[in-house]
1. Identify, among 75, 126, 60, the residue whose Cα sits farthest towards the positive end of the charge dipole of region 18-151, taking +1 on the Cβ of Lys and Arg and -1 on the Cβ of Asp and Glu, with the dipole about the Cα centre.
2. Under the rule of at least 5 residues apart or a separate chain, name every residue whose amide H is placed under 5 Å from the amide H of residue 76.
3. DSSP loop GluC sites (Glu not before Pro) in region 75-162 with at most 13 other Cβ atoms within 10 Å of their Cβ, which ones?
4. Between residue 38 and residues 5 or more places away or on another chain, which pairs have amide H atoms under 5 Å apart, with H built 1.01 Å from N, and which residues are they?
5. Under 12 Å between alpha carbons, and skipping anything fewer than 8 positions from residue 121 in its own chain: which aspartates and glutamates qualify?
6. Please work out the C-alpha center-to-center distance from region 98-162 to region 2-47 and express it in whole Å.
7. Would you compute the Debye intensity of the chain from its alpha-carbon atoms alone, equal scatterers and no solvent, and pass along log10 I(q)/I(0) at q = 0.12, 0.15 Å⁻¹ to two decimals?
8. Taking only C-alpha pairs under 8 Å that are 6+ residues apart, what is the relative contact order of region 29-140 in percent?
Amino acid sequence: MTFDLKDYRTALGSFATGVTIVTTLDSNGNGHGLTVNSFTSVSLEPPLVLWCLGNKSDSFDLFSKCDAYAINILSDSQGEMAMRFAGKGDQKLAVGEYAALETGSPILPGTIAAFDTKVAKRIEAGDHLILIGQTMAYQSHQGQGLAYFSGQFGSTAALAKS
């Protein structure tokens, strides 16, 4: 079976998702981030989450080999931050731009939730690597989330009113 990949990608974009920035530390202790919308919960017991890393990502070497990462769920006011970490090239975080919980992975300010995880499993799947992490610590805050639908950012505010 063959697909028009551009059309297939557009069809996949009709599924609304939240927006996250996955963060980790390099071997020198520098923080790095990557905008990701492929985040999901896997299990409550044990507490597992996953995200998918594209094999062609500029950050593939760093994230594919990391032992820990944090999932930072963005608020609806963090669209610029999402774009900052969605681009090509080095996605470094400045010293003091983040906090840490248990693993030391960067926890970004202003997010509505963050999950600090240790890598539990890596699974190769097509042109992506699935990283399953066990949550070691988390935090959550009031606020509306940043959503992504059909190539555009939006807010979950309308859903919160219903």
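1. Projecting each Cα onto the dipole axis, the largest value belongs to 126.
2. Counting only residues 5 or more places away or on other chains, the set is 144, 145, 146.
3. 97
4. The list, which skips near neighbours in sequence, is 52.
5. Output for residue 121: 67.
6. 9 Å
7. -0.51, -0.81
8. On the way: 214 pairs, mean separation 37.1, N = 112.
Across region 29-140, relative contact order equals 33 percent.
Read-outs: derived from the displayed coordinates by stated rules, not from any lab. Since the model is a prediction, treat every value here as computed from it, not as a measurement. Glycine also receives a Cβ, built like all others from the backbone with ideal geometry; neighbour counts cover every protein chain displayed.
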